[in-house]
Amino acid sequence: MFAAPRFPAQSFWHMVQPSRARSTLLGGCTLLLVWGAAVAVALSLDDGRALWRESIAFAAGICLIGSLSGWCASRCFVDSPSLAVAGAMAGMLLRIMIPLAALAWLQTWGNLLALAGAGGLLTAFYLTLLATDILLHVMMSPANAEHRRTIE
């Protein structure tokens, strides 16, 4: 008379597949973790130079803002292929223009920070977070998720 409900057979990995919001949050946390490690390495290189810690704070803050805003902008439009290109372009623009504007500011008005090494730190933080961002995009791409589903 009463039948037990039937659930479709799904594998474990299909049921715990992360949503776009969770993968965006996971990527943001990964970027924060790598950023923190890069800041710790830069702080360990302190040899008593004037304004070294201020240069680290400036470069790390600028790169974190650029990287996180670029990551979030590029993740907003993942579902549609045509909008994914626009999201990738917006993410790239944010990721590049914010540190580039800071570098221009260093060359014009931020002479003390530039002499303390903020330009080199800006480049190092930018490249570290860019490499992490590229790996995150490869690992969390929709094509990669589809490939995992077809293997199962």
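The values are calculated or read from the model by the stated rules, or taken from the named source; none is laboratory data. Being a predicted model, the structure only gives us computed values, none of them experimental. Note that each Cβ is placed from the backbone with ideal geometry, even for glycine, and that neighbours are counted across all protein chains shown.
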Looking only at residues in the range 121-146 that are among the small types (Gly, Ala, Ser) and in a helix (DSSP H, G or I), which one is modelled with the lowest pLDDT?
Ala145
Tell me which of these Leu113 doesn't satisfy, since it passes every other one: (1) more than 16 Å from Trp35 (Cβ to Cβ); (2) of a type outside the set (D, E, K, R); (3) touching a Gly at 6+ places or on another chain (Cβ under 6 Å); (4) surrounded by 20 or more Cβ atoms within 10 Å (Cβ to Cβ).
(3)
Tell me yes or no: at least one residue of the range 96-117 is touching a residue at least 60 places away in the same chain (Cβ under 8 Å) and within 19 Å of the chain's Cα centre (by Cα).
no
Quick check: anything in the range 54-74 touching a residue at least 60 places away in the same chain (Cβ under 8 Å) and in a loop (DSSP other than H, G, I, E, B)?
no
Please specify each residue of the range 34-53 satisfying the condition of being in a helix (DSSP H, G or I) and either loosely packed, with under 10 Cβ neighbours inside 10 Å or aliphatic (A, V, I, L, M) (or both).
Val34, Ala37, Ala38, Val39, Ala40, Val41, Ala42, Leu43, Ser44
